[in-house]
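Notes follow once the structure below has been shown.
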Amino acid sequence: MTSGVLRTTDTVLFTDLVGFTEFTDAFGDAAAVEVLDAQSSIAGRALVGTPGRLVKEIGDGLMFWFANPGPALVTATSILRAIDDARADGGFPLGIRMGMHSGDVVTRGDDIVGHTVNVAARIVDLAGPGELVVSDSVVAGLDENAATFEPVGPARVKGVEAPVWLHRLAIGSFV
């Protein structure tokens, strides 16, 4: 991607570890870094073979870029599964939530910025533990058999005038 170029149909995925601040308070910074390292490892494995990339770590969250929502969905569900499995085995102490939005992004060096990034960052805040919440633009860009989504409806997101129509990945419909 060249700096400053607008691209259409890009998809941005954000993750957020649920309860990370409380975990850090209870167990300390060293334990928090171990959790972040485990999350990065899980994300790295989920990205193998996909055309996406990890753009950056933001505190206890991650921001990913994909050219379209299909590989983003595959990566998101892979991360959700891996975290769920690790939690069940006692190897990961926190839940994860995710938000995804598709649209134009502006590249700035290795970073991406713009409205699509901002909306995706707000959507993750509306997801619960273990949930992937996506916008209408994501669902519209997916093959109809990719996954089952439950409508959440219109939601107000900070800084955006019009409501954003949201959908939640149905449990058990992982790709």
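The values are calculated or read from the model by the stated rules, or taken from the named source; none is laboratory data. Worth saying up front: this structure is predicted, and the values here are computed from it rather than measured. Cβ atoms come from the backbone with ideal geometry, glycine included; neighbour counts cover every protein chain shown. Remember, those area values only see protein heavy atoms, side chains included, never the ligands or the DNA or RNA. Shrake-Rupley method; radii C 1.70, N 1.55, O 1.52, S 1.80 Å.
All told, THR21 meets the bar of being exposed (fewer than 14 other Cβ atoms within 10 Å of the Cβ) and under 30 Å from ARG156 (Cα atoms). Quick test for you: out of VAL55, VAL119, pick the one residue that is over 20 Å from ILE171 (Cα atoms) and either touching a Gly at 6+ places or on another chain (Cβ under 6 Å) or open to solvent by less than 10 Å² (accessible area, probe 1.4 Å) (or both). Residue meeting the stated conditions: VAL119. When the stretch 24-46 is filtered for residues that are among the β-branched types (Val, Ile, Thr) and open to solvent by 50 Å² or more (accessible area, probe 1.4 Å), only VAL33 remains.
Of all the numbered requirements in (1) at pLDDT 95 or above; (2) surrounded by fewer than 20 Cβ atoms within 10 Å (Cβ to Cβ); (3) closer than 20 Å to SER41 by Cα, ALA88 misses one, and that requirement is (1).
Looking only at the stretch 164-175, filter to residues that are modelled with pLDDT of 95 or more and surrounded by fewer than 18 Cβ atoms within 10 Å (Cβ to Cβ); which one of those is farthest from ILE79 (Cα to Cα)? Selected residue: TRP165.
Of all the residues in the stretch 35-57, those that are closer than 15 Å to THR11 by Cβ and in a loop (DSSP other than H, G, I, E, B) number 3. The listed residues are GLY103, GLY49, GLY128, GLY99, and the only one of them that is at positive phi and open to solvent by less than 30 Å² (accessible area, probe 1.4 Å) turns out to be GLY103. Evaluated against (1) open to solvent by less than 30 Å² (accessible area, probe 1.4 Å); (2) touching a residue at least 60 places away in the same chain (Cβ under 8 Å), ARG81 falls short on exactly one condition, (1). Filter the stretch 59-99 down to the residues that are farther than 22 Å from ALA140 by Cα and touching a Phe, Trp or Tyr at 6+ places or on another chain (Cβ under 8 Å) and list them by number. Within the stretch 59-99, GLY59, ASP60, GLY61, LEU62, ARG81, ILE83, ALA86, PRO93, LEU94 qualify. The set of residues in the stretch 131-161 that are aliphatic (A, V, I, L, M) and open to solvent by 60 Å² or more (accessible area, probe 1.4 Å) comprises ALA140, VAL152.
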